[in-house]
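Notes follow the structure.
The values are calculated or read from the model by the stated rules, or taken from the named source; none is laboratory data. Quick caveat: nothing in here was measured; it's all calculated off a predicted structure. Please note: Cβ atoms are built from the backbone with ideal geometry, for glycine as well, and neighbour counts cover all protein chains shown. Protein only, heavy atoms only, side chains kept; ligands, DNA and RNA dropped before computing areas. Shrake-Rupley method; radii C 1.70, N 1.55, O 1.52, S 1.80 Å.
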Amino acid sequence: MIKDARPNWDNPMQFVLACVSYAVGLGNVWRFPYLCQMHGGGGFLIPYLIMLFLEGVPLFYMELAIGQKMRLGSIGAWTAISPYLGGLGLASVVTSLYLCLYYNIINAWSFWYLFHSFQSVLPWSVCPINSNRTGPIEECERATPTQYFFFRETLNISPTIEEHGGIHMGQALCLVLAWVITYMFVIRGVKSTGKVVYFTATFPYLVLFIYLIRGITLHGAINGVKYMFTPKMEHLANPTTWINAATQIFFSLGLGFGSLIAFASYNQYNNNFERQAIVVALINSGTSIFASIVTFSIYGFKATINYENCLERTRVLLMNTFSLSEDSISIDNVFEWIERLNLTYPQEFIELASKLEPCDLESELNTAVEGTGLAFIVYSEAIKNMPVSQMWSVLYFAMLLLLGMGSMVGNITAIITPLRDFKVVSRMSNELFNGIVCLFCLLLGLGFTTTSGNYWFTIFNDYGATFSLLFIVLLEVITVSYIYGIRRFEKDIEDMLGHRPSWYWKIMLAGTSPILLILLFIFYIYNYIKGGTPTYQAWDKEMGKSVVMEYPVFGQVFIGLLLVSSVSCVPLAALYAFCKKRKHRNQDKRQRTVSTVSA
């Protein structure tokens, strides 16, 4: 490993913005609102903020301290602590590689939607005409225009993971563009990244603020915001609520990937990372809450529109069935008329009952959607109903793109920085080596642009990082507290900052955080075993909706390989270090024997 002539951030602000740009990503926009919706609205904020200070901030602090002290990437940093722990850094690199492979396809989808936003009529607002030009395409009619555009136009998805098709050229070109921009962001290492983060870390906030102003002025937005902040305190008695809060904090801050260690390794030795860790963690959590207000205002608008459309269909049905005048029923008194007509014409109403839709605003708001479904279907459906929808579409997908790109800078840095610490790689220029890494990831990532690519994307998203990251960070905190030693760690902090860490940091790192991580690890394994055969959502074009299917045998085997591939780096690297040390010891013994005989 080499440590000399290491580049630095131009100033501490660049480091903070790089961490913010990396930590604040797509999960803040599409995962946190979903968890709020699932676990009691405003009540979810209580376990979320508690877990932030019990788990998130201490582990964030620990990774920044390791990176800044060792001034090496994840592999070099953990090898410096113990030769047997180099596999811990290698596991982080492998996990980051998996993340890079599929994460940029989300940016490719954002490009696809962004380019299609510059049309007089948004293509996901209406169903296309069939080849006979006699009406809309049947698949689109059975689904919705937004679902059809995502699953058919964007993905051209196959019915199952077992049916493979060719590459979607539009998506492939968007993926190439995403990787070209990623390469430009990291082309000169920290020097180019430091300039980029000024934009990637701040522009999404401008768009979110614009969307907030627009969102809260939308019809029915208040229904969504009230739904979010109305706490359902009974959810606090559910252990799953607390576990999901801890998991969200863990992944939202980007712990375990090695990105934070890599970023901190470019700091000045005496940089005050303690204050920066608290600031970045609070900004990240504040952004999640801020983005949720925006999201729930959109939820409220969409739910209100759907609810009022349902009431309008019911109103028309009642007027046509009972020959009522046009102005006799409004959407405000539909339920009163239903009761009145039910009492006045009971026989006729019994025949009508099967045609009546259950219109309920609460059930519309309860429809929980996360991930790509929220980002590319729910938001798109809401945007198409807004005035000047093209402008809002461009703003939204530009924001989504920059959030994704900002996180990609951290993801690719987590691969590049540890590898550049090796002498054989350090001889190559930044431009060449970074280009090779980006090209390698692009070529592997093209598999996600095939017709079955979205199913493989789901596998990587669900299984590529979760298990390995819990394992990695658990080993990290045990290593720092009990192998390296909390007292040595204290002295390192004092050497860098001029003071020892307070009791809060020591209690969290030596006790609370490891216990929480062990519980999360056990819960994940229990859920995986309890869940039985893994399943996925397959698109059924005949029904126009997603259906649950079990993964075939090869899919289950691949999931198993993903789960163990990165984790196995730790024991394999330790075994390699042990054999290497034993070999050197035997060589030393032979040399001493030869020297004694010669003497």
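Values as computed for the structure displayed
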{"quantity": "Which numbered condition Ser363 misses (of (1) open to solvent by 50 Å² or more (accessible area, probe 1.4 Å); (2) assigned to a helix (DSSP H, G or I); (3) under 30 Å from Cys19 (Cα atoms))", "calculated": "(3)"}
{"quantity": "Odd one out for Lys491 among (1) within 30 Å of Gly531 (Cα to Cα); (2) open to solvent by 20 Å² or more (accessible area, probe 1.4 Å)", "calculated": "(1)"}
{"quantity": "Extreme residue, surrounded by the fewest Cβ atoms within 10 Å (Cβ to Cβ), among residues of segment 52-83 that are hydroxyl-bearing (Ser, Thr, Tyr) and more than 29 Å from Leu236 (Cα to Cα)", "calculated": "Ser82"}
{"quantity": "From the options Arg340, Arg315, Arg275, residue that is at pLDDT 80 or above, charged (D, E, K, R) and buried (at least 17 other Cβ atoms within 10 Å of the Cβ)", "calculated": "Arg315"}
{"quantity": "In segment 318-337, the residues that are open to solvent by less than 20 Å² (accessible area, probe 1.4 Å) and either under 45 Å from the mean Cα position of the chain (by Cα) or touching a residue at least 12 places away in the same chain (Cβ under 8 Å) (or both)", "calculated": "Leu318, Ile329, Val334"}
{"quantity": "Subset of segment 1-51 [closer than 23 Å to Lys195 by Cα, outside any loop (DSSP other than H, G, I, E, B) and open to solvent by 40 Å² or more (accessible area, probe 1.4 Å)]", "calculated": "Pro12, Met13"}
{"quantity": "Residue that is surrounded by the most Cβ atoms within 10 Å (Cβ to Cβ) [pool: residues in segment 495-554 that are modelled with pLDDT of 90 or more and polar (S, T, N, Q)]", "calculated": "Ser513"}
{"quantity": "Hits in segment 483-494 (condition: closer than 21 Å to Asn271 by Cα and in contact (Cβ under 8 Å) with a residue 40 or more places away in the chain)", "calculated": "Phe489, Asp492, Ile493"}
{"quantity": "Unmet criterion (only one of (1) under 25 Å from Cys100 (Cα atoms); (2) at pLDDT 90 or above; (3) of a type in the set (Phe, Trp, Tyr)) for Tyr148", "calculated": "(1)"}
{"quantity": "Enumeration of residues in segment 546-575 that are free of Cβ contacts under 8 Å to residues at least 60 places away in the same chain and either among the charged types (D, E, K, R) or in a helix (DSSP H, G or I) (or both)", "calculated": "Glu550, Val553, Phe554, Gln556, Val557, Gly560, Leu561, Val564, Leu575"}
{"quantity": "Helices (runs of 4 or more DSSP H) within segment 466-533 that include 1 or more residues among the polar types (S, T, N, Q)", "calculated": "466-478, 513-530"}
{"quantity": "Segment 64-80: number of residues that are touching a Pro at 6+ places or on another chain (Cβ under 7 Å) and not hydrophobic (A, V, I, L, M, F, W, C)", "calculated": "3"}
{"quantity": "Residue in segment 84-106 that is of a type outside the set (Lys, Arg) and in a loop (DSSP other than H, G, I, E, B) present", "calculated": "no"}
{"quantity": "Cβ pairs under 8 Å, 6+ apart, first in segment 30-55 and farther than 12 Å from Phe296 by Cα, second modelled with pLDDT of 90 or more and surrounded by fewer than 19 Cβ atoms within 10 Å (Cβ to Cβ)", "calculated": "Leu54/Thr512; Glu55/Thr512"}
{"quantity": "In segment 152-166, the residues that are open to solvent by 20 Å² or more (accessible area, probe 1.4 Å) and under 7 Å from Thr451 (Cα atoms)", "calculated": "Asn156, His164, Gly165, Gly166"}
{"quantity": "Search result, residues across segment 219-242 that are open to solvent by less than 70 Å² (accessible area, probe 1.4 Å), more than 20 Å from Ser363 (Cα to Cα) and hydrophobic (A, V, I, L, M, F, W, C)", "calculated": "Leu236"}
{"quantity": "Neighbours by Cβ (under 8 Å, 6+ apart or cross-chain): first from segment 430-446, part of a helix (DSSP H, G or I); second hydroxyl-bearing (Ser, Thr, Tyr)", "calculated": "Asn434/Tyr183; Gly435/Tyr183; Cys438/Thr182; Cys438/Tyr183; Gly445/Tyr102"}
